[in-house]
1. Considering only residues that are of a type in the set (S, T, N, Q) and closer than 24 Å to W41 by Cβ, which ones fall in segment 80-122?
2. Which ones in segment 122-168 are of a type in the set (S, T, Y), surrounded by fewer than 15 Cβ atoms within 10 Å (Cβ to Cβ) and at pLDDT 95 or above?
3. Among the residues of segment 276-296, how many are assigned to a loop (DSSP other than H, G, I, E, B) and either among the acidic types (D, E) or modelled with pLDDT of 95 or more (or both)?
4. Read through the list (1) modelled with pLDDT under 90; (2) under 16 Å from L132 (Cβ atoms), then give the number of the only condition that Q3 fails.
5. Output the number of residues of segment 1-48 satisfying the condition of being hydroxyl-bearing (S, T, Y) and over 10 Å from G60 (Cβ atoms).
6. Output the number of residues of segment 242-296 satisfying the condition of being hydrophobic (A, V, I, L, M, F, W, C), surrounded by fewer than 17 Cβ atoms within 10 Å (Cβ to Cβ) and either within 18 Å of G160 (Cα to Cα) or without any contact (Cβ under 8 Å) to a residue 24 or more places away in the chain (or both).
7. Take the residues in segment 95-111 that are exposed (fewer than 12 other Cβ atoms within 10 Å of the Cβ) and hydrophobic (A, V, I, L, M, F, W, C), then tell me which one is modelled with the lowest pLDDT.
8. Residues that are of a type in the set (A, V, I, L, M) and at negative phi: list the strands (runs of 3 or more DSSP E) wholly contained in segment 1-107 that include at least 3 such residues.
Amino acid sequence: MRQSMTGFASRSDEAEGLRWTWDLRGVNGKGLELRLRLPDWVEGLEPLVRAAAGKRLARGNVQVSLRISGGDDEAAAELDEAALARVLEAMGRIEAEAGRRGLVLAPATAAQIVALRGVMATGQASRDVTALRARLMESFEAALAEFTEMRGREGQALSGVLEGQLTQIEELVTRAAEAVEARREEQSEKLRAALARVLENSDGADATRVAQELALIAVKSDVTEELDRLTAHVAAARDLMRDKGAVGRKLDFLMQEFNREANTLCSKSGSSALTQIGLALKTVIDQMREQVQNVE
């Protein structure tokens with residue numbers, strides 16, 4: 001199933017006298033970037049969360065947060081005197097060094113110091129978290145499944161949009177081919193007229209050389225290759241859409257190729273009708289590229 005990179009999931013559970021909630025939020029990203037906000041006292045949780053997420057997710061900026069509440073130890077937060085002493089000593093050294101360099105630092109507030117990791121110790125830190133960690137991971141796996149399911153639903157809707165845009169591109173390429181045929185006789189007549197004018201006004205001109213130059217102009221205005229490549233790109237995009245893996249990067253690259261051919265088509269059009277089709281192609285391609293940015 002095609003996956004979108006956007007999604008959200010939230011799951012709450014309880015065990016061991018504690019209640020917790022997992023929140024997962026995902027947006028677009030070039031690769032997979034996990035931003036975790038987990039309680040420090042549940043040791044060993046972060047690598048497990050990263051490993052589980054890495055198995056299910058290939059791309060996207062994903063924020064994972066865990067809030068735990070409840071339990072008899074929850075209010076037992078106390079100041080860790082040793083940690084506070086280390087922090088204050090470090091702050092003193094930093095301020096002294098800044099003073100020697102002529103720098104003035106803003107004073108730190110008590111709230112900022114208390115918020116530093118390790119300054120406040122809780123009763124949770126001394127408990128055995130092995131069983132709790134296992135329950136938390138079971139809960140996270142369930143939340144992750146809900147998250148990927150939502151990304152799948154988004155991806156399915158996105159696939160429908162992309163298929164529709166590919167059909168539009170295909171139809172415009174067909175119209176462009178018809179416009180090329182329609183301009184063929186007109187283009188030939190213009191070239192013959194240009195050749196006649198050159199020969200009439202250029203005594204001693206090499207007729208063969210002039211004809212070759214005009215033929216070169218005709219070749220430069222030929223858009224057959226561009227139309228063929230656009231048709232091939234449509235087929236390649238549809239093949240990627242059927243692929244079960246993460247194809248967002250490949251589709252994004254393919255959109256660059258679509259855009260390149262549409263630009264060349266416009267520059268070589270030689271007729272207002274073909275130019276209008278080329279501009280319509282560029283519009284659809286730009287719209288499709290925006291959607292492709294959401295594909296995992």
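1. Those that are of a type in the set (S, T, N, Q) and closer than 24 Å to W41 by Cβ: Q112, T122.
2. T167
3. Counting residues in segment 276-296 that are assigned to a loop (DSSP other than H, G, I, E, B) and either among the acidic types (D, E) or modelled with pLDDT of 95 or more (or both) gives 1.
4. (2)
5. Count: 3.
6. Within segment 242-296, residues that are hydrophobic (A, V, I, L, M, F, W, C), surrounded by fewer than 17 Cβ atoms within 10 Å (Cβ to Cβ) and either within 18 Å of G160 (Cα to Cα) or without any contact (Cβ under 8 Å) to a residue 24 or more places away in the chain (or both) number 2.
7. Only one residue tops the list, namely A111.
8. Result: 18-27, 32-37, 60-69.
The values are calculated or read from the model by the stated rules, or taken from the named source; none is laboratory data. The structure presented is a predicted model; accordingly, all values stated were derived computationally and were not measured. Backbone-built Cβ (ideal geometry, glycine too); neighbour counts: all protein chains shown.
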